[in-house]
1. Treating the chain as a set of equal point scatterers at the Cα positions, no solvent, please give the Debye-formula log₁₀ I(q)/I(0) at q = 0.06 Å⁻¹.
2. List the trypsin sites (Lys or Arg not before Pro) in the range 466-574 that DSSP assigns to loop (not H, G, I, E or B) and whose Cβ has at most 15 other Cβ atoms within 10 Å. Which are they?
3. Which one, 329, 188, 665, projects farthest toward the positive side of the charge dipole computed for the chain from Cβ point charges (K/R +1, D/E -1)?
4. So what is log10(I(q)/I(0)) for the range 280-325 at q = 0.21, 0.25, 0.26, 0.31 1/Å, when the Debye sum runs over its Cα atoms only?
5. Among 229/252; 571/691; 16/107, which pairs are too far apart, with a Cα-Cα distance over 20 Å?
6. Counting helices only, and only those DSSP H runs with n ≥ 4, report the 222 nm mean residue ellipticity of the chain as the sum of -39,500 (n - 2.57) divided by its residues, in deg cm²/dmol to the nearest 500.
7. Can you find, among 276, 293, 367, the residue farthest towards the positive end of the dipole of the range 246-382? Put +1 on the C-beta of Lys and Arg, -1 on that of Asp and Glu.
8. Rg to Rh ratio, the range 176-305, alpha-carbon atoms and Kirkwood radius?
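Nothing in this text is a laboratory measurement; each read-out follows from the coordinates by a stated rule. What you see is a predicted model; the values in this text were computed from it and never measured. Cβ: placed from backbone, ideal geometry, glycine included. Neighbour counts: every protein chain shown.
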Amino acid sequence: MSSVSDSRRRKEGPAKLTGVAKYIDDYAIDNCLYATTLRTTIARGLIKAVRFDPDFDWDGFAFARVSDIPGDNAVLLIDNDQPLLTEGEVRHALEPILVVGHEERAKAYEALDHIEVDYDEHEPVLSMDAADASGDLFKRFEITKGDLDAGFAEAYRVIDEEYRVPHQEQAYIENNGMAAWEDEDGALVIMGSMQCPFYVHKAMVPIFNRPPDKIRIVQATTGGGFGGKEEYPNLIAGHAALLALVSKRPVKMIYDRHEDMLATTKRHPARIRHRTGVKRDGTLVAQDIDVLMDGGAYVTLSPVVLSRGILHASGPYECPNVRIVGRVVATHTPPNGAFRGFGAPQTLFAAELQMEKVAAALSMDSVSLREKNLFQRGSITATGQTLDESIGARAVLDDALEKSAFREKKKGHARWNRVRKHPTWRGIGLATVFHGDGFTGSGEVFLASRAAVSLSRSGEISVDAASTEIGQGTSSILAQIVSETLELPYDWIRVETPDTSKVPNSGPTVASRTCMIVGGLVQRAARRLKDALIGISAGAPWPPTRTALSRAAAKLAGGRDVVRFVEEFQKPDNIAWDDETYRGDAYGVFSYAAMVVDLEIDKATYEIRVRDVFTAQDVGKAVNPLLVEGQIIGGTVQALGYALLENPVFDRGVMQNAAFTNYIIPTTLDTPPMHVTIVEVPYSKGPFGAKGVGELPMDVPAPAVAAAVLDATGSLMTELPILPERLYEALAKERP
């Protein structure tokens, strides 16, 4: 009967496989207008005038302007600085000015060519280094531990280095899309591709100046998100809904790929500087780390991204004296936002390569350096958090080293590289990372997430949560947790569509929190339902038959159609966090991963081919092992793209390669063999011991690749992506 630890069939799998699942553009909506967006073409300045071509036939078009907004012209998130539509100041290219709608989608796009905008153009600030120099700051954090000066005074060697990482496009399969209309009761309904229905709901209330119960947000089947559909849907939902209200007709707004890549958020670029003090035997004694991130023109989620970035910047290693300073600055470029791992992949890339550089400076094996400093029970993090359970750091490291035969292959590659006639260099690299599960510090307390398990009079059991299925398996794992708790068949459990009028707010589908946090809530709710059913069944055997369950459900429901058991997040007693000092328990628990990458480099073309990947990842408990393995493989491929292929090019704040023909992401042909070990070091406060897994795989491949390139060539590549031309230039500089 057990559901947990079983690779059950995905709840949404058959519908997607057979084509029955409906994405937002699959909905045929009667009397619908198709909408598109007129956008700014300069990075900074003022809009002087918007002129419509008098010779163009404007019959049948509808427009939504700033003057049509009934409430606040601000997209509510962390800050209120981003307008829904801009009418005066321009802070980045591709800002929305107005929305155009027509019954024919092609006509809506054609209209954009007949609208001209006059500007008073100003000189933009386009780089984070320039913004940092001018002090245009969104947010600053600082973490301190111990006495940094004393630590450096104790050090045998002090090693400095700077690392840089670029933008990255989420590249979800389905483009952003929303539809909006007013229903018969006068409620504004917005349906679309999204991760966080209640984020959209919260943002729409002040824009449209309506009571919360007069706005309803519904998730359609969503073709991937990776953070790119966390906060940006607030903007597109507002545009579609505004035109729907102005035109009094349903509106559908579906981005094409080019617009999606040009206008939506991306991973924050970052510059990370490390200064590391170390004893002769490799013991870390001081870490001084400076993190700078580019937020783009508006705040969006930049403080959250920076926060997680600095909390992971020291790596999974204990050091008595630490200072980490993080800043995110404003530039005149499209805003950056959430992307799988948000902040941690940037800083962990630097942390792991710094371990390679420290090891080289000591003429020490980097594995031994890691083993000497790696987190274990009782270790104290940079924020002063004592790690007391579910610490799989050494387990994942040992597994990856053993399964990959790391030491033997490293010696073999060294012999290979000494033979000059070989057409390639070969290298093998290692990285070890940690990832905090759930929201940082007091974040989960602030969210006060709620989830429920419902029982209808007929005996139908439903999981009610706003956590969205975006391809990662949310529906399946929540149903498995409820199935296991109730000791009832998995197929008896239905998962409600995330609809703000039907489900409680279980928080956003981000931050590796769904299984651990929301899964914990539905587990508690299911326990209460089970106790109630057992109590009303007067000693009848458990688990019941379907008929017995229906009889008990009718008795429990009484005169109601549905009985709902709701649970709200409660902070564990052992967690304490201070937002002012950034001290305490940053996360309830961490997940851990290690990876070994085996690669070769063509001596003629400098192309890098990954030959093999070995990874072990501690997820506490794999509720659905096949889904966990899929998350690990998918995240690894995505991060290999970050490491080797994805090179966004910007000019005057506009992405120049906003298409999959020239923004290169990994394909099946770029995907190496992968050997995945799921390590289970249970967490006592997670459902059946489960922790997070969604973001962890994104953290570890890039530094492992760079370490393997270092092993193959002797060159420490401190900037991503490691393109053939960059590697050639680095080696030519080192070996003229």
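1. -0.37
2. 502, 560
3. Among 329, 188, 665, the one farthest towards the positive end of the dipole of the chain is 665.
4. After summing over all Cα pairs, the log10 values are -0.74, -0.92, -0.96, -1.17.
5. Working: 229/252 17 Å; 571/691 16 Å; 16/107 31 Å.
Long pairs (Cα-Cα over 20 Å): 16/107.
6. On the way: 20 runs with 219 residues, N = 736.
About -9000 deg cm²/dmol.
7. Going by the charge dipole, the pick is 293.
8. Numbers: Rg = 20.6 Å, Rh = 17.1 Å.
Here the Rg-to-Rh quotient is 1.20.
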